[in-house]
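Bear in mind these aren't lab numbers, they're just calculated from the coordinates by the rules spelled out. In this text the structure is predicted, and so the values were computed from the model without any measurement. Quick reminder, even Gly has a Cβ in these numbers, built from the backbone with ideal geometry, and neighbours come from all protein chains shown.
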Amino acid sequence: MPRSDYIPTAEQQLWRDALALIAQTPDSLHAGVARLADLVREHLGVDRCDIFLLDPRLDELILQQLQDTDRPVRMKIGAGITGLAALQRQTLHVPQMAKDPRSVEIGDSPSFSSILAVPILSGVDLAGIVNLQTVATRHFEEQETIFVERVICPLVLLLVNAWRSHGDLKQRNSQIQALNELGQAMNSGLGLDESLELIASRAAETLSARGSAIRLLVSDGSLALATLFTLEEGKVDTTYEKRIAEFVAATGEPILIDDLRTDDRPGRLGSSLVSVPLVLEERVVGTLTLMDKMTTASGRRLFSDDDVSVLFALSSQIAAEIEDIRLTSRLQELVRSERQQGQQLRSLYNRSRALLESISDGLLAIDREGTILEANTVARRILGRRAEEIEGGLVSRFVDDNPPLSRWLERGEQFSSRVITLLCRDGKVAAMANLQPVYDEEQQPTGAVLTFREMGEVGRLVNRVIGVQRTFTFDDILGESPVIEKTKELARVAAGTASNILIQGETGTGKEVFAQAIHNASAFSEGPFLAINCAALPRDLIESELFGYVEGAFTGASRKGRLGKFELASGGTIFLDEIGEIPAEVQVKLLRVLQEKAIVRVGGDRTIPVDCRLIAATNRDLHRAVAEGVFRQDLLYRLDVISIDVPPVRERQGDLPIFVARFLETFAERNGKVIEGIAPEALARMEAYDWPGNVREVENVIEHAVAMTRQRWVTTEDMPPFRAVASGSSTATPPDLEATSVGLEGAVARHEAAQRAMYLEALKTSSGDINQAASLLGMSRATFYRHLRKHGLKSIVSRMRREAHN
């Protein structure tokens, strides 16, 4: 409430009139704000009073007096004196706008001479702006400014809050009434289809949505659209709704999304959306989704947390009603068609079987002795056996776990998200499993229900969140030179196998692009593609990242343990980049994984089978690394089943113009420029360069040139400085570089000599300890090692180590 001690006696009437206006609750918020603006204009004697309110979604100020018109006025934060006051959250007073440089620069309307812009603050948050303007020059007095800040602005907030509270109260009362009516209607004996139609329409009406949809889980585990209600005419596209509903059903969690898409074609629903699971006894049986919130009395057009709460309250009632209707309908049909009690029991048995078959995971019902009583279709498919081969047998025949399942069954204990090994007809398969015990009336364990999902399925789900986008195919690999065509052909042949692949090449040649192309062309393309840069992982964490860890494996370990990348990549491809940088102790474990197709988590002792394709990449000479004793020879043999050498740019005759053309097009479009091509002398300069950074460096040079050029053609002046190859190279140095090549080469030689001395000094200081030397220079071990190899210092490291130990 505004403080009356700030209100001059002459303005007491304005205060009383404003409070009376707030108490009356106008027909609309905009009308109320407009009336308050008129009161301020009349009492303060200004020519214009504009009240802007902030739209936090768009970071814009909206002039409330014109909000209901066909052309509402919106102003960006920071634009004009008004926007500047909002940006700075400070009152701005401009007595003569024509003489104020801020006015000229910002571009306020010249029809008014003076302006007073006062921010409306709710605590520290900006809520809007009160803007007073006069045609004649006017110096607003300090008392007038204080009056606007401490009285008018709080009055605006009071009006807005009162209106929104009034609107929300009316809406909540309407929702409660609608829920009561819906509950009465659902108990009126309607059939399932009629009840679902009623639920969908009333839910949309209650929460002011343009559409609603109910989906139910069916026997094959998919979500079927049971009913759809919409205010749209004609055919409605439910693509967005279905995608979100599947996610909600899979996670069991609600989701609230604003601005899901920008497609405003007719028949498209889903710009804002709220979806909740229909849960019965901790089991998801379907989803309820509302789409496209309509404008409410309080001006809100997006779904809120309150809407989610209302839907949650409604969802449990809907789920129970659906189940009751289903059960009642089935029993009534049973009584009509089968009079005998035995047939009724059989129908109930079929119902339980249908429930077993409706889940998407494999399921085994087990008694306390470990005998399998039931196996659903998914379980039979994964195990590769018929029902009669599974049911009646011991679970130990099909599940290998440590400790064994029998111990869990005896104790009546449960577990979740545990990796087990399934003994299938075609071999061992890793699976993510949950065990839920079953108790009798005396709370004694009588058995359990085991559900499981193949790790490949889990990996595909996880890959949606953490996986690399597998966007590259062989068609995306640029170049037409014979050497790159030969490399692509070899990679295509390799993609058709299940063998390990080693991709070698200098930095920037596109080794990961080849890896993704091989994956997308292989039998593993439906599985995940996980890429790991071995040099980027800390030495102490690389083992747990690759192979996972169990609970308590080390300080700070997750309570439930964690899956490794090899498990997550099951059924797909794991790409190990910079494979030459992994420590020796991890090389031993990686060799075992490649030999046995199984991993052992850090801190664990159980072998977990993995089924994924390995592609490794390196820019090092691994054969030399083997000779130097830093890489295992037996591991190299396992990795180098199929070797693919990606050629550097300097060996790809004729491909450089192709790179240039593609990158010019890409970066011109990205920068909003029209680039017709590259000048011949600029291309000649590029062809004279040896490109140690290969395709990545070409891309960077073109990006720089496009950003710098002001013409339609890229010239040498637009390009960054880089050194041409020596005159003895097969590619001649352009004339414009010949004059500077000698001096430039001398500078480069001095620079490289200084670098070599720096790395040698770091080695001496650390007595040959590479990790310590790299730390002294502030770089990673992998980067330091590459510089040692470049400057021929690797042999010195071994000698320093021997001298340090003697």
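Some points to look at:
- Of Pro648, Ala569, Pro583, farthest towards positive along the dipole that unit charges on Lys, Arg, Asp, Glu beta carbons give segment 512-660: Ala569
- Reachable lysines from Lys293, criterion Cα separation under 23 angstrom, eight or more residues apart if same chain: Lys170, Lys235, Lys242
- The slack in the chain from Arg624 to Glu489, taken as 0.36 nm per residue of separation less the alpha-carbon distance, amounts to 45.9 nm.
- Cα gyration tensor shape of segment 649-733, rounded if a/c is under 1.5, else prolate or oblate by comparing a/b with b/c: prolate
- Projected label distance in nm at Arg712 and Arg41, using a 7 Å step from Cα toward the beta-carbon: 5.2
- By the rule of a C-alpha distance below 16 Å, with chain neighbours fewer than 8 residues away ignored, the aspartates and glutamates paired with Lys76 are Asp50, Asp55, Asp59, Glu60, Glu105, Asp108.
- Sorted by Cβ density within 10 Å, fewest first, the residues Val586, Val124: Val124, Val586
- Cβ crowding within 10 Å ranks Asp367, Asp59 as Asp59, Asp367, fewest other Cβ atoms first.
- Formal net charge of residues neighbouring Val660 (Cβ-Cβ distance under 12 Å; K, R +1; D, E -1): -3
- Dipole magnitude of segment 359-443 about its Cα centre (Cβ charges: Lys, Arg +1; Asp, Glu -1), debye to nearest 20: 520
- Along the axis of the charge dipole computed for segment 362-460 (Cβ charges of +1 for Lys and Arg, -1 for Asp and Glu, origin at the Cα centre), the listed residues Asn376, Leu405, Thr421 are led at the positive end by Thr421.
- Cα centre as origin, Lys/Arg/Asp/Glu Cβ charges: segment 471-645 dipole, Debye: 580
- Straight Cα distances below 26 angstrom link Lys764 to the lysines Lys790, Lys794, with same-chain residues fewer than 8 positions distant left out.
- Near Val419: Cβ cut-off under 10 Å, other residues only, Lys/Arg at +1 and Asp/Glu at -1. The net charge is +1.
- Note on Ile615, Ile152: ascending count of other Cβ atoms within 10 Å places them as Ile152, Ile615, the fewest first.
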